[in-house]
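Beneath this line is the structure, given in structure tokens, with notes to follow.
Just so you know, all these numbers are worked out from the coordinates, no wet-lab data involved. Here the structure is a predicted model, which means the values were calculated and not measured. Every residue, glycine among them, receives a Cβ derived from its backbone with ideal geometry; neighbour counts consider all protein chains shown.
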There are 2 protein chains.
Amino acid sequence: MLLRGLSAFPITPADAEGRVDLAALRRLVARLNAAKVDSIGLLGSTGTYAYLSRSERRRALDAALEEVAGQAPILVGVGALRTDEAVRLAQDAKAAGAAAGLLAPVSYTPLTEDEVFEHFATVARESGLPLCIYDNPGTTHFRFSPALIGRLSRLPEIIAVKSPAPEPHAVAAHLADLRSVVPDGFSLGYSGDWNSVEALIAGGDAWYSVVAGLFPRTAMAIVQAVQNGDAAEARRLNERLDPLWSLFKELSSLRVIYASADLLGICRAAPPRPILPLTGAARQRVANALTALDLT
Amino acid sequence: MLLRGLSAFPITPADAEGRVDLAALRRLVARLNAAKVDSIGLLGSTGTYAYLSRSERRRALDAALEEVAGQAPILVGVGALRTDEAVRLAQDAKAAGAAAGLLAPVSYTPLTEDEVFEHFATVARESGLPLCIYDNPGTTHFRFSPALIGRLSRLPEIIAVKSPAPEPHAVAAHLADLRSVVPDGFSLGYSGDWNSVEALIAGGDAWYSVVAGLFPRTAMAIVQAVQNGDAAEARRLNERLDPLWSLFKELSSLRVIYASADLLGICRAAPPRPILPLTGAARQRVANALTALDLT
């Protein structure tokens, strides 16, 4: 199974015109490599793929692949509003050497299930790239039914789904629902850092993690505790991060991670406008949380 | 007041690669001109602005301006995910000669009120183009509060808002809420064809209409009845269109209008993928409604 364990999602540092800072991106990727994460989720939502041009996305991918040097597979966001654009991005990813593509049903006009199926089937067929279904209703405003995931999982290129982690009490049922409709070996993973650890404990295959994109050792320690069968330790480490999870929920993980990278001097990048960098009291609260948690 | 009465929103016929069919677009604009609509809403959501490149949007605008030959002002969609792109689109619109821009807070990462304010203020300041706020939560997933509309209405370039028409019982209160926060002469208009006529009767300034983009005489008759003080006649004409409104609500006005244009041979264009053209029973129901209503 290609996508299991910890998949770390870094930001994509870029200037105000959307030109990627490759040196800063390489520093972020090097941190992930050093922590031996299981995969890197380049150009995810946190990686602001939706805001970057095709050529900048290719530049970022080429640099990350060179930096990672085969140590971890790279899963790369190939979503776009138009089907033909998503096809070209997936073809680029395949040609560059990405291990898989992460495909969200980016929408403006709300899409039907049949439209999303055809979109995914076209990208899969025209690119030949292994694909992870990116279910993220908070950004795409489309909700995948288990039936649609089951239908898509029959396409040979579609190998995984990244679902928003349900509340802990609901995750076992969510996993069981999906397992009943997908083939053996299909990867069921979760995002939404604050609930993902319970999803892993319940048997989820992968944690697609924003915090891991900047603090990979912190996230790896949790995943290793789960893999060692020590759920209590995983929960203890996860609960310790509650101050950060509170900020993620209130201000969005993207804004908090950008502020964190800036506060720690790891890279000087602001999110793409219209998204504004955190300032004032919000930024100070992030600084306080990083200090209290001893995150570096 | 620049934006009042009937604003007609045509589709933007384009090929599968997103290249605009200028001859077909001119035919649509000529229909609107012949019906003497009060303004043309080019490249709105129905005009698939979000799916078209900057250069194609400019080609479409130049052709429409030439065809309309000054008879009706053109309001043109200048929305984009990135603030710098929206600025460039608004600058293009100003340079081409559009009367105003229609600006939606297109989002991927959900936006805060402050982020939307800064986005609008930047586009207004950098372009100098008169702007209509495009409040369309169904596509942007952002909801404007009256307070934010009031704040934006203080910017000299921002002259109007296009709100989704509330249910008839709620429209008077909605209008009163907005009137209390905007300057005199600020245009309060509505979209969502099925509820817009009641909004006009209640004192709304403009109807931003999808049906008028293809059937301008039908919509003009309703607006003229309202302007003549004959609300009963306006309601009668509007209720007659109930079969069409039902299809709009169920299948989306965009899909129904594309199918209508195709069925009537006005232009042969499909919506941009991933949006699929209506087929089979859905298309037949549109055909039946057009026949029953004698729409041509």
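The table that follows gives values for the structure above.
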{"quantity": "Filter pass, B:Gly97 being under 17 Å from B:Asn136 (Cβ atoms) and either more than 14 Å from chain A (Cβ to nearest Cβ) or surrounded by fewer than 22 Cβ atoms within 10 Å (Cβ to Cβ) (or both)", "calculated": "no"}
{"quantity": "So B:Val106, is it within 30 Å of B:Glu250 (Cβ to Cβ), away from chain A (no Cβ under 14 Å) and crowded, with 21+ Cβ neighbours inside 10 Å", "calculated": "no"}
{"quantity": "Helices (runs of 4 or more DSSP H) contained in region B:195-296 and holding at least 2 residues under 17 Å from the mean Cα position of the chain (by Cα), free of Cβ contacts under 8 Å to residues at least 12 places away in the same chain and within 30 Å of B:His174 (Cα to Cα)", "calculated": "none"}
{"quantity": "Test for A:Pro164: is it out of contact with any helix residue (DSSP H, G or I) (no Cβ under 9 Å at 6 or more places or on another chain) and closer than 21 Å to A:Ile11 by Cα", "calculated": "no"}
{"quantity": "Where B:Asn136 falls short, out of the listed (1) more than 9 Å from every other protein chain (Cβ to nearest Cβ); (2) within 16 Å of the chain's Cα centre (by Cα); (3) without any contact (Cβ under 8 Å) to a residue 60 or more places away in the chain; (4) within 20 Å of A:Pro110 (Cα to Cα)", "calculated": "(3)"}
{"quantity": "Residue check, A:Val181 buried (at least 20 other Cβ atoms within 10 Å of the Cβ) and of a type in the set (A, V, I, L, M, F, W, C)", "calculated": "no"}
{"quantity": "Filtered residues of region A:69-80 (kept if buried (at least 20 other Cβ atoms within 10 Å of the Cβ) and of a type in the set (A, V, I, L, M, F, W, C))", "calculated": "A:Ala72, A:Ile74, A:Leu75, A:Val76, A:Val78, A:Ala80"}
{"quantity": "Positions within region B:109-133 being among the acidic types (Asp, Glu) and at the interface with chain A (Cβ under 8 Å from one of its Cβ atoms), in sequence order", "calculated": "B:Asp114, B:Glu115, B:Glu118"}
{"quantity": "Tally, over region A:1-44, of residues that are outside any loop (DSSP other than H, G, I, E, B) and either within 14 Å of chain B (Cβ to nearest Cβ) or surrounded by 23 or more Cβ atoms within 10 Å (Cβ to Cβ) (or both)", "calculated": "13"}
{"quantity": "Selection from region A:268-282 of residues that are within 11 Å of chain B (Cβ to nearest Cβ) and either of a type in the set (Val, Ile, Thr) or under 18 Å from A:Phe248 (Cβ atoms) (or both)", "calculated": "A:Pro271, A:Ile275, A:Leu276, A:Pro277, A:Leu278, A:Thr279, A:Ala282"}
{"quantity": "Search result, residues across region A:145-171 that are aliphatic (A, V, I, L, M) and in a loop (DSSP other than H, G, I, E, B)", "calculated": "A:Leu155, A:Ala165"}
{"quantity": "From the options A:Leu89, A:Leu43, A:Leu111, residue that is among the hydrophobic types (A, V, I, L, M, F, W, C), at positive phi and in contact (Cβ under 8 Å) with a residue 24 or more places away in the chain", "calculated": "A:Leu43"}
